[in-house]
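The block underneath contains the structure these notes are about, expressed in structure tokens.
The values are calculated or read from the model by the stated rules, or taken from the named source; none is laboratory data. Quick caveat: nothing in here was measured; it's all calculated off a predicted structure. Positions of Cβ are generated from backbone atoms using ideal geometry, with glycine treated the same way; all protein chains shown enter the neighbour counts.
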Amino acid sequence: MNLIEETVASIAPPDGAAMRDARDLQARLTKPPGSLGVLEEVSVRLAGLAGQCPPPLPEPAAVAVFAADHGVHAQGVTPWPQEVTAQMVANFLAGGAVVNAFAAQVGAAVTVVDIGVATELEEAPGLLRRKIAPGTADMTAGPAMTADQARRAAETGIEVARDLHAQGARCLLTGDMGIANTTASAALIAAFTGLPPERVTGRGTGIDDATHAHKVEVVRTALDRHGLLEGHGRAPMEVLAAVGGLEHAAIAGFVLGAAALRVPVVLDGVIAGAAALAAAALCPDALGACVAGHRSAEPGHGAAVDHLGLRPLVDLELRLGEGTGALLALPLVQGAARVLHEVATFDSAGVSEKDAGRP
Ligand SMILES: O=C(O)c1ccc[n+]([C@@H]2O[C@H](COP(=O)([O-])O)[C@@H](O)[C@H]2O)c1
Ligand SMILES: Cc1cc2nc[nH]c2cc1C
């Protein structure tokens, strides 16, 4: 077995008894039943993942920002030059990006992973140099990655999850950086959901109507070329290799790695959504570890989370990536778990319960 197969084999379904215990406890806490809304379900899922109630507090937290370039950039799908990927990596490492500000706000550590940036990056604190290739190939002309590259990128994601966990992280967050990666995300989401390209292709960093129409056609051309339009029945790793990015493959592995470790993984936006579709196709039980941090403004992201049955916690029309949406959701996930540890029960606090005979 290779590392992906081993990891998938070690992922267990959520623990039903721990989930029942969490639901029972929620009902006894000093608040009207159900009054914490979606956060109650988050707490139940955390208990199911950990196999205990209350579940461990999901802290400390670590965000891994997987950075890579994309051959499909040559098709004119984004207004930004490719070198911005490497320039933003330098900005992350210098502490000057939004991800750094949001991570500081919520006390999360930032690790940047070069999984496929087109240029050579110098060694720096906070940078993991794990380049599989200097970017993908253009998916409209051939497969974006070889099968071996996709597998090695996914294995690297698993290893990063393991390493961050070994360093003490008890909540993992996904982040990404890659000019043109919303095009690859749209192709993956169409391939995994069966939805047409025009439903799942958005404006990424910001493009005009004409460029958007062109981007939809680029996604359609790539899917058609690889036989991935509706009802293809191809293996998830083949789909990733055909139209994915190195960061998508790595994030899919990162999700599998977190699920195998039974630690929650808070997903960021459309890139993570596309990668989570691949992870769930490889191992449906991996979804037990996933929390959708936020709903991105990209239409494909809504399609991805709906397909996965995940409910995003934050909806602020963000479309930045980097892990920013996941970081904003982190205190909500942590608060949901802390409630099960610290809130008194009606019994223990001597608070009267609702009259049984009243509405
Ligand atoms: O996270 C999202 O949902 C998201 C939505 C739009 C854009 N992005 C970021 O913008 C970059 C890709 O945009 P584009 O237009 O070049 O495909 C990449 O670095 C992503 O992190 C991210
Ligand atoms: C400036 C910039 C910052 C980003 N962060 C994530 N994707 C990005 C894309 C651009 C263009």
Members of segment 319-359 found to be touching a strand residue (DSSP E or B) at 6+ places or on another chain (Cβ under 6 Å), aliphatic (A, V, I, L, M), within 29 Å of THR182 (Cα to Cα) and assigned to a loop (DSSP other than H, G, I, E, B), listed by number: none
Given (1) touching a Pro at 6+ places or on another chain (Cβ under 9 Å); (2) surrounded by fewer than 17 Cβ atoms within 10 Å (Cβ to Cβ), index of the condition GLU123 fails: (1)
Candidate set from segment 144-180 (those that are within 16 Å of ligand 1 (Cβ to nearest atom) and either outside the structural domain of PRO236 (by the TED database) or hydrophobic (A, V, I, L, M, F, W, C) (or both)); member that is farthest from VAL89 (Cα to Cα): ALA144
Close pairs from segment 132-144: first of a type in the set (Lys, Arg), partner surrounded by 24 or more Cβ atoms within 10 Å (Cβ to Cβ), Cβ under 7 Å, at least 6 apart: none
Of the criteria (1) within 16 Å of ligand 2 (Cβ to nearest atom); (2) over 23 Å from the mean Cα position of the chain (by Cα); (3) within 24 Å of ALA250 (Cβ to Cβ), which one ALA222 fails: (1)
Residues (over 11 Å from HIS294 (Cα atoms) and more than 11 Å from ligand 1 (Cβ to nearest atom)) located in segment 304-331: ASP306, HIS307, LEU308, GLY309, PRO331
Hey, THR345 over 15 Å from VAL63 (Cα atoms), at pLDDT 95 or above and of a type in the set (S, T, N, Q) or not: yes
Segment 192-208 residues that are in contact (Cβ under 8 Å) with a residue 24 or more places away in the chain and assigned by the TED database to the domain that holds ARG319, paired with ones that are within 12 Å of ligand 1 (Cβ to nearest atom) and of a type in the set (D, E, K, R) (beta carbon under 6 Å, 6 or more apart): THR201/LYS215; GLY202/GLU298
Check on PRO125, in contact with a His (Cβ under 9 Å, 6 or more places away or on another chain) and in the same structural domain as THR324 (by the TED database): no
Subset of segment 1-41 (residues that are within 28 Å of ALA249 (Cα to Cα), in contact with a Gly (Cβ under 9 Å, 6 or more places away or on another chain) and touching a residue at least 40 places away in the same chain (Cβ under 8 Å)): LEU3, ILE4, THR7, ILE11, ALA12, PRO13, PRO14
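For every residue, the table says whether it meets (1) more than 15 Å from ligand 1 (Cβ to nearest atom); (2) surrounded by fewer than 24 Cβ atoms within 10 Å (Cβ to Cβ).
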site	(1), (2)
PRO54	yes, yes
LEU57	yes, yes
ALA64	no, no
GLN75	no, yes
GLY95	yes, yes
ALA109	yes, yes
Test set (1) at pLDDT below 95; (2) buried (at least 24 other Cβ atoms within 10 Å of the Cβ) - VAL291 fails condition number: (1)
Counted residues, segment 241-282 - those being surrounded by fewer than 24 Cβ atoms within 10 Å (Cβ to Cβ) and part of a loop (DSSP other than H, G, I, E, B): 2
Subset of segment 120-140 [among the polar types (S, T, N, Q) and more than 15 Å from GLU247 (Cα to Cα)]: THR140
Index of the failed condition, ASP306 passing every other in (1) in a helix (DSSP H, G or I); (2) within 16 Å of ligand 2 (Cβ to nearest atom); (3) surrounded by fewer than 23 Cβ atoms within 10 Å (Cβ to Cβ): (2)
Residue in segment 340-357 that is in contact (Cβ under 8 Å) with a residue 24 or more places away in the chain and buried (at least 20 other Cβ atoms within 10 Å of the Cβ) present: yes
Check on GLY288, in contact with a Gly (Cβ under 7 Å, 6 or more places away or on another chain) and either more than 30 Å from ARG151 (Cα to Cα) or within 16 Å of ligand 2 (Cβ to nearest atom) (or both): no
Answer residue from segment 162-214, given it is within 14 Å of ligand 2 (Cβ to nearest atom) and in a strand (DSSP E or B) and is surrounded by the fewest Cβ atoms within 10 Å (Cβ to Cβ) among those: ASP176
